Structure formats: C-alpha cells, structure tokens
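The values are calculated or read from the model by the stated rules, or taken from the named source; none is laboratory data. All of these numbers come straight from a predicted model, not from anything done at the bench. Here the Cβ is made from the backbone with ideal geometry for all residues, glycine too, and neighbour counts use every protein chain on show. When the accessible area is computed, the model is the full protein with side chains, heavy atoms only, and any ligands, DNA or RNA have been set aside. Shrake-Rupley method; radii C 1.70, N 1.55, O 1.52, S 1.80 Å.
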Amino acid sequence: YLEQDDKEKSDFYANQALKEVRYLIGALHIDLSEDFEKIIRQMLQTFESNYKIKTEIFVASSHISSLPQTVQIEIIRILQESLSNIARHAKASQVCVKFTDVAQDFKFTISDNGIGFTLEALDELNKSDSKKHYGIQNIQERVKAMGGTVEFVNNGGTTIAITIKNIIH
C-alpha cells in the first residue's frame, strides 16, 4: 500500500500490525505458576485493551485450576490463536469465553459476534490465495493432541466448541 501511495490503508495495516505485536508480546509472558483462571482473565483483558473488542468470561468449572499443565498450555495457545483470528478477520465487537464441566468432560467455547466463516470457505480461500491460513488447522491439531474434539459453528458469528473427554478424574 505504501508503494501505491495509499496512506489510509498503510496506516490502518501498520496500526493492526502494532496491535498484534503488542498482544503477542504480552501473550508470550505467561506465568504458569499463577492460577489458570486468572491467566485467562488477564489474557482477555489484554486482548480487550489492545483491540477494543469487549470480552466476557464464564467459568462453570470446578476443575479448571486442576487441569494438567500440558492441557492448560494447549488451551492458552488455542485461545491466543482464536483471539488473533477474531481480531484480524471476524469484525467482531464482542467475544465470550466459557469453561464448563459436563460429567467427566471439560468444555471450552470461544464465541464472537462477527461475520462468521465456514470451513468450506476457508478451504477455498487456501486454494486460491498464495498466503495460507493455518489458524484453524493449528487449533484442530492442538485439540486432537489433547484427545478432544472441536466444532466450528457459524451462527451469525463463530463459536469454537472444544470438548476434552474424561479429563476430570
């Protein structure tokens, strides 16, 4: 855009890049000795202040703080990837993160009120665009590594619904 003398778009993308770098720097400094729920709340506050996208968190899990550290790290990385995607693509004004226990399963959802997407549309974009988009694939791989399942629901926004079976003992 600079080469095309498009100052407005150059400024916009430079500001977006700056916000992304600030968010990523903050996200990389995670102290896992802190309470896991507190870490998630801090991540959401940082995201909200950097992107001006309202965040909410609901915790209906009595086991959130006793999740294995490997699972906590994967959840943090999934949340980071999801929030980054929301900031760049969703055109959302609100994000809601929920943690719940259902029997022996742990459920984790990230919902936004943005424009939504479908996996089919993403596949088409990856076929036609020279810049590949790996965020959703990364989320799927992380969930699979934890022995969980993930659904992407386009509901006038996007909901990422993750279930990790039999994690609560």
Might you check whether a residue that is within 16 Å of the chain's Cα centre (by Cα), in a loop (DSSP other than H, G, I, E, B) and on the phi > 0 side of the Ramachandran plot occurs anywhere in segment 92-115?
-> no
State which residue pairs qualify: first residue touching a residue at least 40 places away in the same chain (Cβ under 8 Å) and of a type in the set (Asp, Glu) and inside segment 61-88, second residue part of a helix (DSSP H, G or I) and open to solvent by 40 Å² or more (accessible area, probe 1.4 Å) in any location, beta carbons under 6 Å apart, and separation of 6 or more residues or different chains.
-> Glu74/Arg142; Glu81/Asn138
Filter segment 116-144 down to residues that are in a loop (DSSP other than H, G, I, E, B) and either within 20 Å of Leu44 (Cα to Cα) or open to solvent by less than 60 Å² (accessible area, probe 1.4 Å) (or both) and give me whichever is modelled with the highest pLDDT.
-> Gly116
Check Gly147 against each of (1) surrounded by fewer than 16 Cβ atoms within 10 Å (Cβ to Cβ); (2) modelled with pLDDT of 90 or more; (3) within 26 Å of Ile53 (Cα to Cα) and name the one condition it does not meet.
-> (3)
Can Ile160 be described as modelled with pLDDT of 90 or more and out of contact with any strand residue (DSSP E or B) (no Cβ under 6 Å at 6 or more places or on another chain)?
-> no
Go through segment 21-41 and give me each residue that's open to solvent by 50 Å² or more (accessible area, probe 1.4 Å), modelled with pLDDT under 90 and either part of a helix (DSSP H, G or I) or at positive phi (or both).
-> Val21, Arg22, Leu24, Ile25, Leu28
Collect the residues in segment 83-100 that are open to solvent by 40 Å² or more (accessible area, probe 1.4 Å) and at pLDDT 90 or above, keeping them in residue-number order.
-> Lys91, Ser93, Gln94, Lys98, Thr100
Give segment 60-79 a look and list any residue that's open to solvent by 20 Å² or more (accessible area, probe 1.4 Å) and either assigned to a helix (DSSP H, G or I) or touching a helix residue (DSSP H, G or I) at 6+ places or on another chain (Cβ under 6 Å) (or both), or say none.
-> Ser65, Ser66, Gln69, Thr70, Ile73, Glu74, Arg77
Kindly establish whether Thr109 is open to solvent by less than 40 Å² (accessible area, probe 1.4 Å), among the hydroxyl-bearing types (Ser, Thr, Tyr) and farther than 21 Å from Gln45 by Cβ.
-> no
